[in-house]
Amino acid sequence: MDSMATRFLGILIALAAAFADVEATATEHRPPNFILIYADDLGYGDLGCYGNTEIATPNLDRMAAEGLRFTSFYSCSPVCTPSRAGLLTGRYPIRSGLTHVLFPYSKTGIEDSEITLAEALKEKGYATACVGKWHLGHLPEFLPTQHGFDQYYGIPYSNDMHVAERGDPPLPLMRGTEIIEQPADQDTLTRRYTEESIRFITENRDRPFFLYLPHTMVHVPLHVSPEFAGKSKRGLYGDAVEEVDWSVGRILTALRELGLEENTLVIFTSDNGPWLIKKEHGGVAGPLRNGKGTVFEGGVREPCVVRWPGKIKAGTVTHEAAMNVDLFPTFVALAGGTVTGDRAPDGKDISPVFFGTGKRADQEFFFYHGSELRAHRSGPWKYYRPFKETVKEKELEHPEMLFNLEADLSETTNLADKQPEIAARLAGEMTEFEKGLGAVPESKR
Ligand SMILES: [Ca+2]
């Protein structure tokens, strides 16, 4: 070889090494993918890994066995719209005015001034998709594609919101901002959401992506694909949970087949507790008091499992309390971003809890019913201001209440009189929290 050729070869080798370096760096620094699966009205006691013996949830049980299971993970609200507002903005819904459930006749929705998790991740180069129930406003300016999602496929509000006497239209299924089916064939929604999700994952396998999959199930009216009908020991409700579990399994399989498992954080939780008044068509809260629509534990404490092979230790259970508003700052931090200013999240980065390297910054949580602050958890203590609620068409007046959740998970023994200093401290913290909010927007209806 002459010296020119040797030199040329040398340059080629150097270039190849440089490219290899760049590639290694890109892989190393490629931020993780996020898949956030949000069940609707699924109770704390509805999964095998949370003690259910009638509903088979092998995929979610395996996800817990291979990852992390929370025993004390909260939604910021016991109903759909505010729960999702908190999830996607990282802030208590009182701040965005999305405090109440929206209906097909509502003219409001999420404001442009809010920063959604999808918008924050898009800033970091993520592909984003929302597949499922949105419920943050169904008019064009409020839809997912106006709020950080590249793609949207799903129903814009709850699947029971097609009451003709109220003037509701038949339930629409949308792609982007277009209605593509009306009424939506609900039997196949879970299956079609799954196919749509896997298509999105496959198409974006070579870049960071965020898939938000808020299932329509297991909100009433319950629907399942023919192959799931009559399968479970818990009637149609169990069948619907089992199809959601199947969907989780399909998505985990797709990740494995695409070689994306080790770079993808998958989290599964629910928007609020079980709708107990629906009896056999609703879920169960296990040992927790009450369910959907109340800020007792059964209304706001949710099943939550997180899986990220190689990063999250398999088979871990954490009793550290956390809340859905934490996912915004957690994902944004893992993606290498930050959100500051007046839209800074109330939630905390809980990635140290995921990785077993630390705790949540505090154990303080506030619970609203609509725009009314009703309860506050601080460490093991949960305090309730006196409030009224309607139970079985009767008005029930609750006194001031204080429970020690570590000793009394089912909230049976009111300690407000026995522990007046603790009750007073928590009551004071609620007042301080409200003062700290400053002016809040009018509630959207
Ligand atoms: Ca719900």
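Please treat every number below as a calculation from the coordinates, not as lab data. Bear in mind that the values here come from a model prediction, so they are computed numbers and not experimental data. Glycine also receives a Cβ, built like all others from the backbone with ideal geometry; neighbour counts cover every protein chain displayed.
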Among the residues of the range 245-262, are any touching a residue at least 60 places away in the same chain (Cβ under 8 Å), within 16 Å of the ligand (Cβ to nearest atom) and under 17 Å from the mean Cα position of the chain (by Cα)?
no
Looking only at the range 90-108, decide whether some residue is within 16 Å of the ligand (Cβ to nearest atom), touching a Leu at 6+ places or on another chain (Cβ under 8 Å) and outside any strand (DSSP E or B).
yes
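Test of understanding: among ARG360, ARG343, ARG377, which residue is buried (at least 21 other Cβ atoms within 10 Å of the Cβ) and of a type in the set (D, E, K, R)?
Values: ARG360 fails: buried (at least 21 other Cβ atoms within 10 Å of the Cβ); ARG343 fails: buried (at least 21 other Cβ atoms within 10 Å of the Cβ).
Unique residue meeting the criteria: ARG377.
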Of the listed residues (GLY43, GLY90), the one being in contact with a strand residue (DSSP E or B) (Cβ under 8 Å, 6 or more places away or on another chain) and buried (at least 23 other Cβ atoms within 10 Å of the Cβ) is GLY43
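Going through the range 36-89 one residue at a time, which ones are of a type in the set (S, T, N, Q), touching a residue at least 24 places away in the same chain (Cβ under 8 Å) and away from the ligand (no atom under 16 Å from the Cβ)?
To start, the set of residues in the range 36-89 that are of a type in the set (S, T, N, Q) comprises 52-53, 57, 59, 71-72, 75, 77, 81, 83, 89.
The next check asks that each one be touching a residue at least 24 places away in the same chain (Cβ under 8 Å); those that pass are 52, 57, 59, 71-72, 75, 77, 81, 83, 89.
Of everything in the range 36-89, those that are of a type in the set (S, T, N, Q), touching a residue at least 24 places away in the same chain (Cβ under 8 Å) and away from the ligand (no atom under 16 Å from the Cβ) turn out to be ASN52, THR57, ASN59, THR71, SER72, THR89.
How about the range 285-371: which strands (runs of 3 or more DSSP E) wholly inside it have at least 1 residues that are β-branched (Val, Ile, Thr) and more than 16 Å from the ligand (Cβ to nearest atom)? Write out each step before concluding.
Values: elements: 301-307, 316-318, 364-369.
Per the criteria, 301-307, 316-318.
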Restricting attention to the range 205-230, report how many residues are more than 21 Å from ILE155 (Cβ to Cβ) and without any contact (Cβ under 8 Å) to a residue 24 or more places away in the chain.
3
Note on the range 151-173: residues under 20 Å from the mean Cα position of the chain (by Cα) and either touching a residue at least 24 places away in the same chain (Cβ under 8 Å) or in a strand (DSSP E or B) (or both) are GLN151, TYR152, TYR153, GLY154, ILE155, TYR157, SER158, ASN159
